[in-house]
1. Show the residues, 5+ positions off or on another chain, whose built amide H is closer than 5 Å to the amide H of Ala38.
2. Could I have the simple spin-label model distance between Arg200 and Ala283, label points 7 Å from Cα toward Cβ, reported in nm to one decimal?
3. Once amide H atoms are placed 1.01 Å from N in the peptide plane, what residues at a sequence separation of 5 or more from Gln166, or on another chain, have their amide H within under 5 Å of its amide H?
4. Taking θ as phi - 60°, what are the ³J(HN,Hα) couplings along region 26-41 by the Karplus curve (6.51, -1.76, 1.60), each to the nearest whole Hz, with x for Gly and Pro?
5. How much accessible area per residue does the chain have, in Å², with a 1.4 Å probe?
6. Let me have the relative contact order for the chain, percent, based on Cα pairs under 8 Å that are six or more residues apart.
7. So what is the relative contact order of region 75-145, in percent, for Cα pairs below 8 Å that sit 6 or more residues apart?
8. With equal scatterers on the alpha carbons only and no solvent term, can you work out the Debye log10 of I(q)/I(0) for the chain at 0.15, 0.16 1/Å?
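The values are calculated or read from the model by the stated rules, or taken from the named source; none is laboratory data. All values reported here derive from a predicted model rather than from experimental measurement. Quick reminder, even Gly has a Cβ in these numbers, built from the backbone with ideal geometry, and neighbours come from all protein chains shown. Surface accessibility is based on the protein's heavy atoms, side chains included, excluding ligands, DNA and RNA. Shrake-Rupley method; radii C 1.70, N 1.55, O 1.52, S 1.80 Å.
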Amino acid sequence: MTDRSPSAAAVTRLADHAHGYVQPDGSWYINNCGLVDAGDHTVLIDTCATERRTRALLAAVEGATGRPVTTLVNTHHHGDHTNGNYLVEGATVVGHRKTRELIAAEGIQTYEGVFVGNDWGELRPRPPEIVFDDRLTLYAGEVEIRLIHPGHAAHTTNDVLVWLPQQRVLYAGDLVFHGGSPFALMGSVAGWRKALDVIRELEPEVILPGHGGPCGLDIVDKVDEYLAFVQQTAERGKAAGLSPLEVAKETDLGDFASLSEQERLPGNLHRAYAELDGAEWGAQIDLVAAITDMLAYNKGPIRCFS
């Protein structure tokens, strides 16, 4: 049985100065974080969904580096990557402009009635204090850290790739899922596929995904294949006059049956249907209807282990 407790997470070396904080099993609200250790500068990439998990993260970081975090980078606004921001005292938070706007507008989202099993603890929203739109370069000592927005919606409207060119290490946020179903409801299926080309052009040697273990470009291809499958399923469903939920229920997942969080399929199909109808990438759609269909596909609330 998989140990999903905070004590199962560990700091993993990816390259010189570059580490990952990997939380098993990478399912709903159990994300990965990154760590750049450069002497007097410690850069943390993302926090965790809950107070308990973020406190465990910060203890692990200080144990690995011997010093507190000086800069925190957010890869996007979702709570599993930002809820713990407020606990990183003394650090400056950096993120995309839309990340700041969405955290400020939405606060802490717990989605009562959608997920069960979460142990949120005490949480307070803290949006980034330094924002950018397209590109921003940070330096931690001699380590160059490039922050890259793909230029359009993908997993969300505000995804940020954290690229270490000297180390060839990419902190991909949720633009890469390893072992779990990608989730495009709040972004764009088509835009996400295009954003994967940005990753390919960087030619990283090591990728830390937002969920799941460190990987290479082969997993980027798997994400792309899943998103193409979503688009093809949406085209088939619309041609047959089926709703996203109806086509999801009758779809054979085939090569993707081994991915976790299969209940994301109807949510992804809602986004793909909207794009087939001409919606812009990242446009507002009916999230309540999509999440309601996800719960119907799952036959009840979604079990969470955060």
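1. Amide H neighbours of Ala38, under 5 Å, 5+ apart: Val43.
2. For Arg200 paired with Ala283, the spin-label model returns 2.7 nm.
3. Long-range HN contacts for Gln166: Glu144.
4. Using θ = phi - 60°, the values come out as x, 7, 2, 6, 10, 9, 9, 10, x, 8, 10, 9, 10, x, 6, 10 Hz.
5. Working: 12340 Å² over 306 residues.
I get 40 Å² per residue for the chain.
6. Working: 684 pairs, mean separation 53.3, N = 306.
That works out to 17 percent.
7. Numbers: 75 pairs, mean separation 28.5, N = 71.
For region 75-145, the relative contact order is 40 percent.
8. Log10 I(q)/I(0), no solvent term: -1.17, -1.34.
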